[in-house]
Amino acid sequence: QVQLVESGGGLVQAGGSLRLSCAASASTFSINGMGWYRQAPGKQRELVADISSGGRTNYADSVKGRFTISRDNAKNTVYLQMNSLDPEDTAVYYCYAVVSSTGFYHYWGQGTQVTVSS
């Protein structure tokens with residue numbers, strides 16, 4: 001019932017910036033938390049950042065101070081501003097949204113590739 005479409009990935013030099021966007025389809029369900037995971041080949045999937053409906057944020061230690069998560073509730077969109085990018089940030093980034101109906105359910109975006117060159 002909920003579709004998430006990601007955009008904004010690409011290739012960037014170390015020290016550069018990218019801004020990822022993830023838009024959720026219109027729904028009668030309430031969207032609670034939204035956030036971003038990432039996964040690099042051969043590595044564990046990592047929660048990068050999340051944000052509650054009230055705007056409370058959490059970040060992985062590896063990105064804290066460099067990345068900023070935000071959301072526009074009117075547009076059902078979550079953003080990830082990534083600054084001071086490092087090659088270690090290279091991964092596929094997946095957004096997610098938690099919606100409530102009978103219970104709480106997770107929905108996922110298709111993933112967008114972020115590549116940081118040295």
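Among the residues of segment 83-113, write down those that are surrounded by fewer than 19 Cβ atoms within 10 Å (Cβ to Cβ) and among the charged types (D, E, K, R). Answer for segment 83-113, where residues must be surrounded by fewer than 19 Cβ atoms within 10 Å (Cβ to Cβ) and among the charged types (D, E, K, R): Asp86, Glu88. Residues in segment 15-48 that are surrounded by 14 or more Cβ atoms within 10 Å (Cβ to Cβ) and of a type in the set (Val, Ile, Thr) were compared, and the one that is nearest to Lys64 (Cα to Cα) is Val48. Here is the figure for segment 59-75: residues that are under 12 Å from Ala24 (Cβ atoms) and open to solvent by less than 40 Å² (accessible area, probe 1.4 Å) total 0.
Do the conditions hold for Val116, that is, is it under 22 Å from Val12 (Cα atoms), in contact with a helix residue (DSSP H, G or I) (Cβ under 6 Å, 6 or more places away or on another chain) and either open to solvent by less than 60 Å² (accessible area, probe 1.4 Å) or of a type in the set (D, E, K, R) (or both)?
Yes, satisfied.
Elements of the type strands (runs of 3 or more DSSP E) sitting completely within segment 1-101 and holding at least 2 residues that are in contact (Cβ under 8 Å) with a residue 60 or more places away in the chain: these cover 4-7, 10-13, 18-24, 30-39, 77-82, 91-100. Please work out if Ile51 is within 14 Å of the chain's Cα centre (by Cα), open to solvent by less than 40 Å² (accessible area, probe 1.4 Å) and farther than 16 Å from Tyr107 by Cα. The answer is no for Ile51. Residues in segment 92-110 that are small (Gly, Ala, Ser) and touching a Phe, Trp or Tyr at 6+ places or on another chain (Cβ under 9 Å): Ala97, Ser100, Ser101, Gly109.
Among the residues of segment 102-111, those identified as part of a loop (DSSP other than H, G, I, E, B) and in contact (Cβ under 8 Å) with a residue 12 or more places away in the chain are Gly109, Gln110, Gly111.
The values are calculated or read from the model by the stated rules, or taken from the named source; none is laboratory data. Being a predicted model, the structure only gives us computed values, none of them experimental. In this analysis, Cβ positions are derived from the backbone assuming ideal geometry, glycine residues included, and neighbour counts consider all displayed protein chains. These area figures cover heavy atoms from the full protein model, side chains too; ligands, DNA and RNA do not enter into them. Shrake-Rupley method; radii C 1.70, N 1.55, O 1.52, S 1.80 Å.
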